[in-house]
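Only the coordinates and a few stated rules stand behind these numbers; no lab work does. Keep in mind it's a predicted model, so treat the numbers as computed, not measured. Note: ideal-geometry Cβ built from the backbone for every residue, glycine included; neighbour counts use all protein chains shown.
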Amino acid sequence: MKYQRKDRVGDLIKREIAHIIQRELKDPGIGFVTITAVEVSVDLKRAKVFYSVLGDEDSKRESSSALKRASGFIQHEIGKKLKLRYTPEIFFQFDGSVEYGAHIEELIQKIHANEGPHQNELDHGEPSQDDSALNEDAEDKY
């Protein structure tokens, strides 16, 4: 798969938006926002910016509305910094994949915490006392 111009422009936009949010945006409503990805249309006129927010539901809502309020400013700054024929219209969309990944990681940790010593013995190939008793019962039948 070739690395197309829209992908390069998307990477530039991602970097610039992250810089603008971190350094230039003064809105206190924007919390811990991370730009996760940018998808640019083939004609480079629209950019969908995916973001994640660290915090509870209130901070997510507040960050979402603050990003929507600041989208005009961010688009203007992108137009000044990137020398493109058309400045892409920017749309922000929440990216839940980071939260989903954290949820999966938490489930894996719970599974590992719930594994008892019996499971660990099976992993190491050593029979437990229960397995020995089963083997003796099986020998008695034959």
Mind checking which of Leu25, Val9, Val38 is farthest towards the positive end of the range 5-95's charge dipole, using Cβ charges of +1 (Lys, Arg) and -1 (Asp, Glu) about the Cα centre? Val9
Phi angles of the range 56-72, converted by Karplus (6.51 cos²θ - 1.76 cosθ + 1.60, θ = phi - 60°) into ³J(HN,Hα) in whole Hz with x for Gly and Pro, give 8, 4, 5, 5, 5, 5, 5, 5, 4, 5, 5, 5, 5, 5, 8, 4, x
Measure off 7 Å from each Cα along the Cα-to-Cβ vector at Leu54 and Leu12, then give the distance between these two points in nanometres to one decimal. 3.0 nm
Taking the Cα centre of the range 5-95 as origin, work out the dipole magnitude from +1 charges on Lys and Arg Cβ and -1 charges on Asp and Glu Cβ, in debye rounded to 20. 560 debye
Say each of Arg85 and Lys26 gets a label point 7 Å from the Cα, pointing the same way as Cα to Cβ; how far apart are those two points in nm? 3.7 nm
Burial ranking of peptide ranges 23-36, 5-18 (average Cβ count within 10 Å, highest at the top): 5-18, 23-36
Sorted by chain and number, the residues with a modelled amide H under 5 Å from that of Arg46, at a separation of 5 or more or across chains, are Ser41, Glu89
